[in-house]
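Sending over a structure as structure tokens; questions will come in a sec.
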Amino acid sequence: MSLFRICRIAGNTFLEAVRQKFFLFLALIALGLLGSVLYFQRFDFGSSELKFIADFGSGAIVFFGSILSIVMMAQLFFAEIENRTALTILAKPVHRWEFLAGKFCGVAALLGVFILLMIIVLGAFLYYRESQIVAQYAELFQGRRIINYVGLFVFGWTQWLKYCVLISLTLFFASFSNTNLFSVVISFMVLIICQIQYVAIEVVTRMDPSWYTWAVEHVALIFPNFQNYNLLVPMVFSANAGVPWSLAGSVTLFSLVYVLVYLGLAVFSFRRREI
Amino acid sequence: MTSTPAIKIEGLTKDFRLGLRGLKLRAVENLSFEVKDNQIFGLLGPNGSGKSTTLKVVLGLLRATRGTCEVYGVPSEKVRSRVDVGYLPEAPYFYRYLTGKELVMFYAAVCGVPKKQRERRTQEVLELVDMQHASDRRVGTYSKGMLQRIGIAQAVVHDPRLVILDEPTAGVDPIGSASIAKMILELKARGKTIILCSHLLAQVEGVCDNIVILDKGHKVVEGKVDDLLEKHDTTNISARNLKPETLAQIRALIASEGGEFLGAAPDRIALDSLFLSKVAPSLEDTKTRD
């Protein structure tokens, strides 16, 4: 029953998000940007150009995915609070954690669709250029492919997990903050910390152990290291080596732990929030 | 009808913390009352009197600082206390991108109405609130009156025993208001218990069995509407085509029996009755309850 209610709330959240112009606008821009990559062909033949296309596509996913994750999660959560639809739904036999889980799943599904769309389009562009290049330099490649397309989808999966972590983090901030803007700003700041926290870790690992290095190492655990999701090369350019499934598995586990922790914190903080 | 009260509130106090220093604002203090099954209960009071806070505690949206609140014997902070409760919030906003039918179907699903019954129940409540004609329109295009009616539909779609209506007629014209009053009476006829929060006192008087009046978080009046409004030492006599000399005789008779004649004036109808009789005659009879 709980699962069913969560699915209904998630479905409703997804529908609300899809019917908003913001999502369609960003999705179209992202796809347009991705499409423009075919005009950048003044590079060396072979993997360099394909690497550029993949990097460009991955960059579009990172940029627009981050914006979508944070803005949509905060916006869809605060729309419920400010429009008082949360009041109506929580006055039904719905647990608060079910409400939060539904919101989370709805936004996660939205990001799933976005990333899937981006990966399919990116894959199509890569296949198109790769086929041209392989045909043009048939002797050099001898029928071998450069891109691992299964790996491309696994890469998409890991990116989706990254955004699930980001969504849960934004939901946690939204669960106690009073304004949409505050949640968005804090979430973007934490996103930056997550992107660059590895620098702090690298610095302290070169220092002599002390309470300071110990503290930095442990505080860093609060913020997931988003460098763990930089998997484009091992996943996509591993046509000969196969997909590194163990790496995908460890990233999945890593993400699951952070999602559960942040969702747990969000539920704890939302438990007694006065609506 | 059950012997367990629909709502039982005992010694309810609710404080809100204000600002970082944690200053307290007491919204409700030591409130106790019961709402019996299958009655229309009016919760009245000026703005800021604690009505909405009390309702939110009943709905488990707020936790009591002190005291207890039970819904059909289940503490209101438990989610299962809301299984048999429908709620229409004040000035309701619903998901604007859904159609009226999608909205009611969504709430039916959330409330656990089985899939096979969902469509039928949705049609039934849309008919009850007379919204079938607009059920395929997006909620964002509805007028205030339509929003209130679709709000009542979502509140009763799971066939709850207790229906809480917070200002169901706020911003609604007299026709919409009379139509909502008619719906409330129909819900009672179907065996529901209704809690009505409203500033339209004439409407409350017309439909409610019992009332509680709150002021600054305290209960100031509680009882049956008829008992509270009836003047036990005064009798009204209404007559048609009375001659002046007959009136003089009646006056003399009252004086001879030791009574006091208080006045005689042409009878009047209420303005909203006149309005409804001219604009929506079918709703006019809802102004006066048997």
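The values are calculated or read from the model by the stated rules, or taken from the named source; none is laboratory data. Predicted model, so just to flag it, every value in this text is computed and none were measured. Using ideal geometry, Cβ is built from the backbone for each residue, glycine included, and neighbour counts are taken over all protein chains shown. We work out accessible area using only protein heavy atoms, side chains counted, and drop any ligands, DNA or RNA first. Shrake-Rupley method; radii C 1.70, N 1.55, O 1.52, S 1.80 Å.
How much solvent-accessible surface does B:S81 expose, in Å² to the nearest 10, with a 1.4 Å probe and all protein chains in place?
For B:S81, the solvent-accessible surface is approximately 10 Å².
With +1 assigned to the C-beta of every Lys and Arg and -1 to the C-beta of every Asp and Glu, and no other charges, what is the dipole magnitude of region A:2-270 about the Cα centre in debye, to the nearest 20?
Numbers: 15 positive and 12 negative charges, 140 e Å.
Taking the Cα centre of region A:2-270 as origin, the dipole is about 680 debye.
Based on the Cβ-Cβ distance from B:R21 to A:S48, what FRET efficiency comes out when R0 is 45 Å, to the nearest 0.05?
After rounding, the FRET efficiency stands at 0.10.
Dipole of region B:135-290, Cα-centred, from +1 at each Lys and Arg C-beta and -1 at each Asp and Glu C-beta, to the nearest 20 debye?
Computed charge dipole of region B:135-290: roughly 580 debye.
Could you pull the accessible area for A:R8 with a 1.4 Å probe, rounded to 10 Å²?
80 Å²
Based on Cβ point charges of +1 for Lys and Arg and -1 for Asp and Glu, what charge dipole magnitude is obtained for the protein assembly as shown about its Cα centre, in debye rounded to the nearest 20?
On the way: 59 positive and 49 negative charges, 150 e Å.
That gives the protein assembly as shown a dipole magnitude of about 720 debye.
Between A:L253 and A:E202, what length comes free when the chain is fully extended (0.36 nm per residue of separation minus the Cα-Cα distance, one decimal in nm)?
Full-extension gain reported as 16.1 nm.
Let me ask another. Which residue, B:T141, B:L25, B:G86, has the largest displacement toward the positive end of the dipole of region B:17-146 when charges sit on each Cβ (Lys, Arg +1; Asp, Glu -1)?
The listed residue farthest towards the positive side: B:L25.
Could I ask something else about it? Report for the protein assembly as shown the percent antiparallel among DSSP-assigned beta bridges with both residues inside it, nearest 5. Mind dumping the intermediate values first?
Working: 23 of 40 bridges.
The answer is about 60 percent antiparallel.
Hey, another quick one. Can you pull the percent of chain A's accessible area that's carbon plus sulfur, 1.4 Å probe, other chains left in place?
70 percent
Mean 1/r over all different Cα pairs, inverted: what Kirkwood radius does region B:7-231 give, in Å? It would help to have the intermediate numbers written out before the result.
Values: mean 1/r = 0.0555 Å⁻¹.
Across region B:7-231, the inverse of the average 1/r is 18.0 Å.
Zone of A:V185 (label point 7 Å along Cα→Cβ, backbone N under 12 Å): which residues in region B:20-61?
No residues fall inside that zone.
Percent antiparallel among DSSP beta bridges with both residues in chain B, to the nearest 5?
Taking every DSSP beta bridge with both residues in chain B, the antiparallel ones total about 60 percent.
If you don't mind, another one. If amide H atoms are built 1.01 Å from N in the plane of the peptide, which residues on other chains or at least 5 residues away come under 5 Å of the amide H of B:G42?
B:L196, B:D209, B:N210, B:I211, B:V212
Now a separate question. Translational D (Stokes-Einstein, µm²/s) of region A:2-270 at 10 °C and 1.306 mPa s when Rh comes from the Kirkwood sum over C-alpha pairs?
Values: Rh = 20.1 Å.
Reported coefficient: 79 µm²/s.
For the pairing of chain B with chain A, what total accessible surface becomes buried, with a 1.4 angstrom probe, in square angstrom to the nearest 100? Don't skip to the end; give the middle numbers.
Numbers: alone 16800 and 14150 Å², together 28170 Å².
Looking at B and A, the buried total is near 2800 Å².
Between region A:104-139 and region B:164-185, how far is it from one alpha carbon centroid to the other, in angstrom?
Cα centroid of region A:104-139 versus Cα centroid of region B:164-185: 55 Å apart.
Here is a follow-up. Please compute the average number of Cβ atoms from other chains found within 10 Å of each residue's Cβ in peptide B:155-165.
1
Can you show me the helix-derived [θ] at 222 nm for the protein assembly as shown, built from DSSP H runs with n ≥ 4 at -39,500 (n - 2.57) apiece and divided by the number of residues, rounded to the nearest 500.
-18000 deg cm²/dmol
Let me ask something else about it. Along the positive direction of the dipole of region B:195-256 (beta-carbon charges: Lys, Arg +1; Asp, Glu -1; about the Cα centre), which of B:S256, B:V220, B:V204 reaches farthest?
B:S256
If you rank A:Y163, A:Y149 by how much accessible surface each has, with a 1.4 Å probe, what is the order from largest down?
Largest accessible area first, the residues go A:Y149, A:Y163.
Something else now. Could you work out the mean count of beta carbons from other protein chains within 10 Å of each residue's beta carbon in B:46-58?
Average per residue, whole number: 1.
Right, another one. Averaged over its residues, how many other protein chain Cβ atoms are within 10 Å of peptide B:102-111's Cβ atoms?
Details: counts 2, 2, 0, 1, 6, 4, 1, 7, 13, 4.
The mean count of partner-chain Cβ atoms within 10 Å per residue comes to 4.
Also, I was wondering about something else. With each label point set 7 Å from Cα along the Cα-Cβ vector, what nm distance links B:D130 and B:H232?
4.1 nm
Follow-up question, since we're still on this one. State the answer as a single residue: which of B:A280, A:F63, A:Y127 lies farthest towards the positive end of the charge dipole of the protein assembly as shown, with beta carbon charges of +1 for Lys and Arg and -1 for Asp and Glu, about the Cα centre.
A:Y127
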